[in-house]
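Comments concern the structure below.
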Amino acid sequence: MPFVELETSLPAERLPPGLPTKLCEATATILGKPAERVHVTVRSGMPMVLSGSAEPCAQLLVSAIGVLGSAQQNQGHSARFFDFLTAELGLGPERIMIRFFPLEPWQIGKNRTVMTFL
């Protein structure tokens with residue numbers, strides 16, 4: 001059950017149409033999870049500074065169970081997310097940061113319980 005949060009200083013009108021759906025599909029492909037289990041939030045127009053510069057930028061937070069557990073896994077995920085984000089947002093890779101957060105099933109609540117018991 002991946003959670004993906006994209007925060008960007010780009011205004012909403014500069015984002016491509018359908019970006020949340022495209023990011024959902026890309027995440028499903030990159031992480032090998034069904035799109036029906038991917039949760040996406042996109043926040044635009046955020047006041048942001050990246051590497052000391054307020055030039056347009058973005059950060060992606062990726063949280064998931066079982067697919068973010070090693071540097072090698074995340075290196076591959078990072079390359080594919082960067083390809084997607086640079087193409088969709090029109091930002092250079094130096095203006096994007098990605099943070100990976102591995103989750104355990106007991107850390108996600110759903111249907112009045114946690115994923116451990118579903």
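The values are calculated or read from the model by the stated rules, or taken from the named source; none is laboratory data. Since we're looking at a predicted model, the values are computed, not measured. Methodologically, a virtual Cβ is constructed for each residue, glycine included, from the backbone with ideal geometry; neighbour enumeration extends over all protein chains shown. Ligands, DNA and RNA are stripped out before the accessible areas are found, and what is left, the full protein with its side chains, is counted by its heavy atoms. Shrake-Rupley method; radii C 1.70, N 1.55, O 1.52, S 1.80 Å.
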Open item on the list: Being over 20 Å from A87 (Cβ atoms), surrounded by 13 or more Cβ atoms within 10 Å (Cβ to Cβ), of a type in the set (S, T, Y) and modelled with pLDDT of 95 or more narrows it down to one residue among S44, S51, S63, S9; which is it?
Closed with: S63
TODO: Hey, can you tell me all the residues within segment 66-118 that are among the basic types (K, R), under 30 Å from L10 (Cα atoms), open to solvent by 50 Å² or more (accessible area, probe 1.4 Å) and not in a strand (DSSP E or B)?
DONE: R80
TODO: Please enumerate the residues belonging to segment 26-36 that are assigned to a helix (DSSP H, G or I) and surrounded by 15 or more Cβ atoms within 10 Å (Cβ to Cβ).
DONE: A26, T27, A28, I30, L31
Task: Pairs, first farther than 23 Å from S70 by Cβ in segment 31-57, second open to solvent by 80 Å² or more (accessible area, probe 1.4 Å) and not in a loop (DSSP other than H, G, I, E, B), C-beta under 7 Å, six or more apart - done: A35/E25; L50/M97
TODO: Could you tell me whether L19 is modelled with pLDDT of 95 or more, under 23 Å from P105 (Cα atoms), in contact with a strand residue (DSSP E or B) (Cβ under 7 Å, 6 or more places away or on another chain) and open to solvent by less than 30 Å² (accessible area, probe 1.4 Å)?
DONE: no
TODO: Could you please let me know if P47 is closer than 16 Å to L15 by Cβ, in a loop (DSSP other than H, G, I, E, B) and not basic (K, R)?
DONE: no
- [ ] Go through segment 62-76 and give me each residue that's among the hydrophobic types (A, V, I, L, M, F, W, C) and touching a Phe, Trp or Tyr at 6+ places or on another chain (Cβ under 9 Å).
- [x] V62, A64, L68
Open item on the list: Which pairs turn up if I take residues in segment 92-105 that are in contact (Cβ under 8 Å) with a residue 40 or more places away in the chain and look for partners that are β-branched (V, I, T) and open to solvent by 80 Å² or more (accessible area, probe 1.4 Å) with beta carbon separation below 7 Å, at least 6 apart in sequence or on another chain?
Closed with: none
